[in-house]
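The values are calculated or read from the model by the stated rules, or taken from the named source; none is laboratory data. Just so it is clear, the model here is predicted, and its values are computed rather than measured. When we count neighbours, we look across all protein chains shown, and the Cβ atoms used for this are built from the backbone with ideal geometry, even at glycine. Each accessible area value is taken on the protein alone, full model and side chains, heavy atoms only, with ligands, DNA and RNA left out. Shrake-Rupley method; radii C 1.70, N 1.55, O 1.52, S 1.80 Å.
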Amino acid sequence: MPRMRVTRYGPSEEAGRGRLDTNTVARLDDVGTFTGLLGVLGALRAEHDPARILCTLDDVNQCAYTSGHAREDDRLWSDSDDADARAAHIAAALDDPGSRVAWADLPGERLGGEADVAALVEVNRDPDGFLDDVVLVQRVPVPRDDLAIAGIPNGYFTADWTVFQNHAIVRRLAAHGYRHVGIGASLLGFDRAAPPSEDEARAVVADLKHLYGAPGAWAQLAALLTERPYLLLGYTEDFPDLTG
């Protein structure tokens, strides 16, 4: 397997080919493992503290495309040329109590049923196979981890979760000790200081049952979570196609 290559971008460099905007602080090529990715994110997080760090996951080009359209929501749109100002505007919109989505309002938003649950088990069992070879890393100048999603807001198509619904999920998982670290064309990625205990994993799965509203192999997922300090979720209608 080729060794992952990390290309860092300085704050004075103009955004160009292979970057989302001037807040893209690194491009990772030949990303082989999710744990390796988390290690690089940790180093970049230390370099850019107190800003938050958020990366792309699956299908970087599609992720960028849908994120661009997701920003066209009237509540999120900013015509500023400054990437910091755009991120701050989106973060403020997400933090507005009038726009926030309540956790209790999320059930019933998913359409995939048991196929979603099976896909969750698969991507959490072997996340390496679902990462793009190229990952872009954003510096997000926001005061809280849950607002890092402002750096790559996503959720565009009608049957997908919206940016505001994804933010509600990020907030809920933070209560379980999970930090939002990445978003792709179909995936949300989280890390944790350590794997959850069996009781903690069951509590996470109880919330995921509420979120996905479907029966399936939840016991398998709970067992997987106790073995690893990360969690991947699918937020798009076609999320199960990743494992097809």
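Out of curiosity, is ALA194 farther than 30 Å from GLY10 by Cβ and assigned to a helix (DSSP H, G or I)?
No.
Looking only at segment 4-19, decide whether some residue is open to solvent by less than 40 Å² (accessible area, probe 1.4 Å), assigned to a strand (DSSP E or B), β-branched (Val, Ile, Thr) and modelled with pLDDT of 90 or more.
Within segment 4-19, none of the residues are open to solvent by less than 40 Å² (accessible area, probe 1.4 Å), assigned to a strand (DSSP E or B), β-branched (Val, Ile, Thr) and modelled with pLDDT of 90 or more.
Given the residues ALA87, ALA91, ALA174, which is the only one that is in contact with a strand residue (DSSP E or B) (Cβ under 9 Å, 6 or more places away or on another chain), under 26 Å from VAL31 (Cβ atoms), buried (at least 20 other Cβ atoms within 10 Å of the Cβ) and among the hydrophobic types (A, V, I, L, M, F, W, C)?
Within the list ALA87, ALA91, ALA174, the selection yields ALA87.
Would you check which residues across segment 187-218 are buried (at least 20 other Cβ atoms within 10 Å of the Cβ) and within 18 Å of TRP161 (Cβ to Cβ) and list them?
Those that are buried (at least 20 other Cβ atoms within 10 Å of the Cβ) and within 18 Å of TRP161 (Cβ to Cβ): LEU187, LEU188, GLY189, PHE190, VAL204, LEU208, LEU211, TYR212.
Can you pull out the residues in segment 53-65 that are open to solvent by less than 10 Å² (accessible area, probe 1.4 Å) and closer than 18 Å to PHE130 by Cα?
Of everything in segment 53-65, those that are open to solvent by less than 10 Å² (accessible area, probe 1.4 Å) and closer than 18 Å to PHE130 by Cα turn out to be LEU54, CYS55, THR56, LEU57, ASP58, CYS63.
Would you mind telling me which numbered condition in (1) free of Cβ contacts under 8 Å to residues at least 24 places away in the same chain; (2) of a type in the set (Gly, Ala, Ser); (3) in a loop (DSSP other than H, G, I, E, B) ALA206 fails?
Going through the list (1) free of Cβ contacts under 8 Å to residues at least 24 places away in the same chain; (2) of a type in the set (Gly, Ala, Ser); (3) in a loop (DSSP other than H, G, I, E, B), ALA206 breaks only (3).
Is there a residue being β-branched (Val, Ile, Thr), in contact with an Asp or Glu (Cβ under 9 Å, 6 or more places away or on another chain), buried (at least 21 other Cβ atoms within 10 Å of the Cβ) and under 21 Å from ARG179 (Cα atoms) anywhere in segment 32-52?
Checking segment 32-52: not a single residue is β-branched (Val, Ile, Thr), in contact with an Asp or Glu (Cβ under 9 Å, 6 or more places away or on another chain), buried (at least 21 other Cβ atoms within 10 Å of the Cβ) and under 21 Å from ARG179 (Cα atoms).
Kindly list, by first and then second residue, each pair from a residue in segment 218-241 that is farther than 27 Å from GLN62 by Cβ to a residue that is modelled with pLDDT under 95, limited to pairs with Cβ atoms under 7 Å and residues at least 6 apart or on different chains.
Partner pairs satisfying both residue conditions: TRP218/VAL117; TRP218/LYS209.
Does segment 219-235 hold any residues that are touching a strand residue (DSSP E or B) at 6+ places or on another chain (Cβ under 7 Å) and either modelled with pLDDT of 95 or more or surrounded by fewer than 18 Cβ atoms within 10 Å (Cβ to Cβ) (or both), and which are they?
Of everything in segment 219-235, those that are touching a strand residue (DSSP E or B) at 6+ places or on another chain (Cβ under 7 Å) and either modelled with pLDDT of 95 or more or surrounded by fewer than 18 Cβ atoms within 10 Å (Cβ to Cβ) (or both) turn out to be LEU225, PRO229, TYR230, LEU231, LEU232, LEU233.
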